1. Need one number: nm distance between label points at Ile237 and Asp111, each 7 Å from Cα along Cα→Cβ, rounded to one decimal.
2. For the range 1-95, which GluC sites (Glu not before Pro) are both in a DSSP coil and crowded by at most 12 other Cβ atoms within 10 Å?
3. What is the order of His88, His131, fewest Cβ neighbours within 10 Å to most?
4. Give me Arg134, Arg18 sorted ascending by neighbouring Cβ count inside 10 Å, so fewest comes first.
5. Need one number: convex hull volume per residue for the range 166-251, Cα atoms only, in Å³.
6. Note down the nm distance, to one decimal, between modelled labels 7 Å out along Cα→Cβ at Thr59 and at Lys130.
7. Of Lys170/Lys204; Lys135/Lys170; Lys119/Lys170; Lys170/Lys214, which ones are farther than 26 Å apart at the Cα?
8. With a 10 Å Cβ neighbour count serving as the proxy for reagent exposure, in which order, fewest first, do Ser75, Ser17 appear?
Amino acid sequence: MDMSRLDERIAIVTGGSRGIGRAVALELARRGAAVMVNYRSNARAAAEVVAAIEAEGGTARAMQADVSDYAQAESLIKETIAAFGGLHILVNNAGTTRDMVIMMMSEDDWDSVIRTNLKSAFNCSKAAVKHMMRKRYGRIINMSSVAGIAGNAGQTNYSASKAGLIGFTKALAREVAARNITVNAVAPGFIPTDLTESIPENLKEASLEAIPLKRWGTPEEVAYATAFLASDEAAYITGHVLSVDGGMVMG
Ligand SMILES: NC(=O)c1ccc[n+]([C@@H]2O[C@H](COP(=O)([O-])OP(=O)(O)OC[C@H]3O[C@@H](n4cnc5c(N)ncnc54)[C@H](OP(=O)(O)O)[C@@H]3O)[C@@H](O)[C@H]2O)c1
């Protein structure tokens, strides 16, 4: 496939060891990008992603960093630039859930989800933008969610973090546009991964009712949308939220 090639590009995928991030890392690499696969604790899964990329003839490395921590996020950006010689694409994908109705939600449940899902994007983007501004080129893609658009009961922390990412995307898009840096968000719907494992089976089945395409999405389908936003074909798209949700939330 010649469309949306990413040859000579260098990318970081935060939370690239599993689920959607893994699929994004593989897809960017398939299109020619060198990929830094970031993870927080699952070194074995990250190494497996690197091995899968290398087996297909691509270039990748893995790096542990808790991106909710500014110093670690900054090291991730700096070490990627040092290892590969630059940075063109940043995918802020790392995320987590701590679902609970608000009356049962602890302050730590709130803080930890906001830190992991939202502050991480600030941390990585701040460090990356410094480099991208100088080079007058960049693609930042933030993994939001339908929950950030429509809200989801039992997920006030998660929905707030994902809605926050959309505001962050639009504000940063305006800030850096003059330097040829685009900033967009992807809003996946229901994508079976480790993250959705704990959702009771009956609720998973019920979710199909709300999906016009009548099926769940795949990590690969989210990866295709992400790779498109990272490509030159998407050069005139910025501040956009691209839903990949089977029609779950429209308009
Ligand atoms: N699955 C869905 O239905 C869905 C829908 C909408 C949006 N999303 C969003 O898509 C993104 C990926 O979700 P997923 O379903 O693929 O989740 P997942 O399978 O649970 O994978 C989460 C990934 O994030 C990493 N991670 C978590 N906290 C981190 C931190 N502090 N620093 C660095 N890496 C960290 C994990 O690393 P380790 O392997 O080291 O733990 C793992 O690679 C998330 O932002 C999620 O909110 C998912």
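1. Inter-label distance under the simple model: 3.8 nm.
2. Within the range 1-95, the qualifying GluC sites (Glu not before Pro) (loop, at most 12 other Cβ atoms within 10 Å) are Glu8, Glu56.
3. Taking fewest neighbouring Cβ atoms as first place, the list is His131, His88.
4. Ordered by Cβ neighbours within 10 Å, fewest first: Arg134, Arg18.
5. For the range 166-251, the hull spanned by Cα atoms encloses 109 Å³ per residue.
6. Here the answer is 2.4 nm between the modelled labels.
7. Lys170/Lys204; Lys170/Lys214
8. Working: Ser75 15, Ser17 26.
In increasing order of surrounding Cβ atoms, one gets Ser75, Ser17.
Just so you know, all these numbers are worked out from the coordinates, no wet-lab data involved. From a predicted model like this one, the values you see are computed outputs, not experimental measurements. A quick note on method: Cβ atoms are made from the backbone with ideal geometry, for glycine too, and the neighbour counts reach across all protein chains shown.
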